[in-house]
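The values are calculated or read from the model by the stated rules, or taken from the named source; none is laboratory data. As the structure is a computational prediction, the values presented were derived from the model and not from experiment. Neighbour counts run over all protein chains shown; Cβ positions are idealised from the backbone, glycine included.
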Amino acid sequence: MLELLEYFKQDKAALAPHSNPRAILYKELMKERAALRKSIRERTQEFGGT
């Protein structure tokens, strides 16, 4: 949702209601999970993991 707002502020997209608000929440959740997995990978490599 915030990504769409930023695009609107930069005049890159029209501000229109999304057809499925749960899709936006799901996308943001997946981004958070991906960031968590990335940090785990980085910490694992830092401490000599595989």
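Name the single residue, out of those in the range 5-28 being at pLDDT 70 or above and among the aliphatic types (A, V, I, L, M), that is surrounded by the most Cβ atoms within 10 Å (Cβ to Cβ).
Ile24
Looking at the range 29-50, which of its residues are among the β-branched types (Val, Ile, Thr) and either surrounded by 10 or more Cβ atoms within 10 Å (Cβ to Cβ) or at pLDDT 70 or above (or both)?
First, pick out the residues of the range 29-50 that are among the β-branched types (Val, Ile, Thr): 40, 44, 50.
The answer is Ile40, Thr44.
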